[in-house]
Every structure is written in structure tokens, then in C-alpha cells.
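Before any comments, here is the structure.
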Amino acid sequence: MAFKTICHAAARSIRGTVGEVASARITPNFHTALITSPGTRSSVLCHEVLPVVAFVASPPLTGVPLAGFTPPPAWAGAFELGGFRLLDVEELRTSLAEADTSELAEAELEQVRYWRPSTVGELMFNWWD
């Protein structure tokens with residue numbers, strides 16, 4: 001609910017609107033929202049559990065690994081004010097082989113071994129069941 005509220009606040013700050021907001025389910029593990037204003041269209045992802053948000057160039061397609069992460073737009077500060085951390089492109093594109101996964105539970109590590117995400121972004125925002 002906080003994510004949706006902040007999406008609307010962010011959209012108002014740029015005289016924009018919030019399109020479809022899709023809630024996380026068993027799959028995907030993230031909420032999505034489309035924020036539009038004249039000349040601007042941003043797809044926002046919010047992790048289901050972690051207070052983090054990321055931005056992608058186009059709305060996610062069901063079951064397709066996310067690509068096209070984009071830098072947070074100038075108006076994304078509304079999410080930080082709401083307690084969310086903005087993820088940058090460099091962090092999301094970090095190779096999973098280079099990432100510290102020591103805090104993941106064994107069940108999560110099993111999922112990583114099975115699905116084989118290659119980046120932190122693929123690990124954080126996924127369609128796994």
C-alpha cells in the first residue's frame with residue numbers, strides 16, 4: 001500500500017498519472033507501476049519484501065527476466081522520502097558471481113542454483129515460484 005501511495009505522490013510531483021499498479025503474487029516477487037507524464041513514461045518495480053525500488057525502460061513481460069534497468073528519474077526522491085532505497089543501474093547489473101550472497105537462506109540459495117540468475121537485478125526481481 002505504501003508503494004502505491006508513493007507512486008501517486010511521485011506522479012503528482014511531475015503532473016503525471018499512475019497507470020496500472022500490479023501487486024506481487026507468488027510470482028513475480030515484485031510490485032509494478034507505470035507512471036506517465038507528458039513526454040515521460042517510467043516503469044517502477046518494488047520488491048515484495050525489501051524496501052527497494054528500481055526502474056526499467058518498459059513494463060515487465062510476464063515470465064521474462066528483467067533487463068533494461070534505468071537510472072532513477074529526478075522525481076524518484078519521493079520513494080526515498082517514503083523509506084525506500086533507490087537501486088542504481090550499476091548495482092542491478094552487478095554479476096551475481098561478484099555479489100555477496102552470504103546472507104541468503106539455504107532455500108534462497110537453492111533457488112539461485114536452480115534458476116541461475118546472472119545479475120543482482122535478476123535475483124532481486126524475478127518470476128520464480
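Selection of region 33-50 for residues being of a type outside the set (A, V, I, L, M), free of Cβ contacts under 8 Å to residues at least 60 places away in the same chain and closer than 17 Å to E122 by Cα yields S43, C46, E48. I need the full set of residues from region 106-129 which are open to solvent by less than 60 Å² (accessible area, probe 1.4 Å), under 29 Å from K4 (Cα atoms) and either without any contact (Cβ under 8 Å) to a residue 12 or more places away in the chain or in contact with a Lys or Arg (Cβ under 8 Å, 6 or more places away or on another chain) (or both), in order please. Listed by number, the residues that qualify are T119, V120, G121.
Taking residues in region 18-32 that are in a loop (DSSP other than H, G, I, E, B), and partners anywhere that are aliphatic (A, V, I, L, M), the pairs with Cβ atoms closer than 8 Å and at least 6 places apart or on different chains are N29/V49. Just name the residue that is modelled with the highest pLDDT out of those in region 65-82 that are open to solvent by 50 Å² or more (accessible area, probe 1.4 Å) and either outside any helix (DSSP H, G or I) or in contact with a Phe, Trp or Tyr (Cβ under 9 Å, 6 or more places away or on another chain) (or both). This residue is P71. Test T101 against the stated conditions and say whether it is among the β-branched types (V, I, T) and touching a helix residue (DSSP H, G or I) at 6+ places or on another chain (Cβ under 9 Å). Taking the combined requirement at face value, the residue satisfies it.
In region 1-41, the qualifying residues are those that are surrounded by 13 or more Cβ atoms within 10 Å (Cβ to Cβ) and among the charged types (D, E, K, R), and the one that is nearest to P59 (Cα to Cα) is R41. For V53, the test of being modelled with pLDDT of 95 or more and not hydroxyl-bearing (S, T, Y) is passed.
Criterion applied to T36, T62 was being farther than 19 Å from W128 by Cα and modelled with pLDDT under 95, and the one residue passing it is T36.
When you check V53 against the structure, is it under 19 Å from G121 (Cβ atoms), touching a residue at least 40 places away in the same chain (Cβ under 8 Å) and open to solvent by 20 Å² or more (accessible area, probe 1.4 Å), yes or no? Against the criterion (under 19 Å from G121 (Cβ atoms), touching a residue at least 40 places away in the same chain (Cβ under 8 Å) and open to solvent by 20 Å² or more (accessible area, probe 1.4 Å)), V53 does not qualify.
Scanning region 45-61 for residues that are part of a strand (DSSP E or B) and within 13 Å of F79 (Cα to Cα) gives L45, C46, H47, V52, V53, A54, F55.
The values are calculated or read from the model by the stated rules, or taken from the named source; none is laboratory data. Bear in mind that the values here come from a model prediction, so they are computed numbers and not experimental data. Ideal geometry is used to build each Cβ from the backbone, glycine not excepted, and the neighbour counts take in all protein chains shown. Please note that ligands, DNA and RNA were not included when accessible areas were found on the heavy atoms of the full protein model with its side chains. Shrake-Rupley method; radii C 1.70, N 1.55, O 1.52, S 1.80 Å.
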